[in-house]
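> Supplied in structure tokens, the structure appears directly below.
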Amino acid sequence: MGRPVTKADLMRAAEHNYGKLNTIISGLTEKELSTEFDFSGDEKKKEAHWRRDKNLRDILIHLYEWHRLLLDWVKANQNGESQPFLPKPFNWKTYGGMNEEFWKKHQATSLEEAKELLEKTHGEVLRLAETFSDGELFSKGVYKWVGGSTLGSYFVSVTASHYDWAAKKLKAHIKNCREK
């Protein structure tokens, strides 16, 4: 499935990848749920997120917080409040620090609460996407606050693409658990 370029594609990809992620989650064994993530033995996994996230809750909270970024950004800008997607002081070169802040903020959040938060914002994001036309989502220049991209690309990034990222991370964790 290629990157969505229509609202129908976006909705389909978001739901498909969310379903795929939930299927992986529902199949996790007790060992896989209780074993801390450790990707230190894989030299290919150098990005900060491989060290940051230690469990399923951390992944779900990451997805939830990125949903919140999108929801808050769109709402503010629709209400005439000029707001960048990433909150100050972060930018696209420093957003790793923002992800660390999300991680720290939720260390006391339970796995059940993380699941509920993600389920809620997943629905909110899809309902918000439904309010836009194909042109509003996938044509450049419709909203000056989006910049040089399209609004739809942000929706794709925080849903389908991010769910795919989470699924790959969980599959790597499952593989690690089965090899030990």
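The values are calculated or read from the model by the stated rules, or taken from the named source; none is laboratory data. Treat the numbers as computed from the prediction; the structure is a model and nothing was measured. Please note: Cβ atoms are built from the backbone with ideal geometry, for glycine as well, and neighbour counts cover all protein chains shown. Heavy atoms of the whole protein, side chains included, go into the accessibility calculation; ligands, DNA and RNA do not. Shrake-Rupley method; radii C 1.70, N 1.55, O 1.52, S 1.80 Å.
> Using a 1.4 Å probe on the protein chains only, how many percent of the accessible area of the chain belongs to carbon and sulfur?
52 percent
> Run through the stretch 81-142 and list the trypsin sites (Lys or Arg not before Pro) located in a DSSP loop whose Cβ has at most 15 other Cβ atoms within 10 Å.
Working: sites: Lys93, Lys104, Lys105, Lys115, Lys120, Arg127, Lys140; in loops: Lys93, Lys140.
Listed in order of number, the matching sites are Lys93, Lys140.
> Sort out the exposed loop GluC sites (Glu not before Pro) in the chain (DSSP loop, at most 15 other Cβ within 10 Å) and tell me the longest stretch that has none.
Answer - 82-180.
> Please compute the alpha carbon radius of gyration of the chain, then divide it by the globular-protein estimate 2.2 N^0.38 Å. Two decimals is fine.
Normalised by 2.2 N^0.38 Å, the Cα Rg of the chain equals 1.06.
> Also, quick follow-up: With every protein chain kept in place and ligands, DNA and RNA left out, what is the accessible area per residue of the stretch 1-152? Probe 1.4 Å, answer in Å².
That works out to 57 Å² per residue.
> Follow-up. So what's Rg/Rh here for the stretch 5-100, counting alpha carbon atoms and using the Kirkwood radius for Rh? Before the final figure, lay out each step's value.
Numbers: Rg = 16.6 Å, Rh = 16.1 Å.
Checking Rg against Rh, the ratio lands at 1.03.
> Now for a different question. Using a simple spin-label model with points 7 Å from Cα along the Cα→Cβ vector, what separation in nm is obtained for Asn22 and Thr6?
About 2.5 nm separates the two model spin labels.
> Here's something else I'd like to know. What angle, in degrees between 0 and 90 and rounded to the nearest 10, separates the Cα long axis of helix 56-78 from the longest principal axis of the Cα atoms of the chain?
10 degrees
> Show Met11, Met98 ordered by accessible area, largest first, where the area counts protein heavy atoms only and the probe is 1.4 Å. Mind dumping the intermediate values first?
Values: Met11 30, Met98 5 Å².
Sorted by accessible area, descending: Met11, Met98.
> Quick one: how many Å² of Leu71 are accessible to a 1.4 Å probe, rounded to 10?
20 Å²
> State, to one decimal in nm, how far the label point of Tyr143 lies from the label point of Arg127, with both points 7 Å from Cα in the Cβ direction.
1.7 nm
> Name the residues of the stretch 66-89 whose amide N is less than 16 Å from a point 7 angstrom out from the Cα of Glu113 along the C-beta direction?
Taking a point 7 Å out along Cα→Cβ of Glu113, no residue of the stretch 66-89 has its backbone N under 16 Å.
> What is the Cα centroid distance between the stretch 1-27 and the stretch 105-130, reported in whole angstrom?
The two parts, judged by their Cα centres, are 16 Å apart.
> Got a sec? Which residues in the stretch 21-49 would a label at Asp164 touch, if it sits 7 Å along Cα→Cβ and we count backbone N under 16 Å?
So the set is 21-22.
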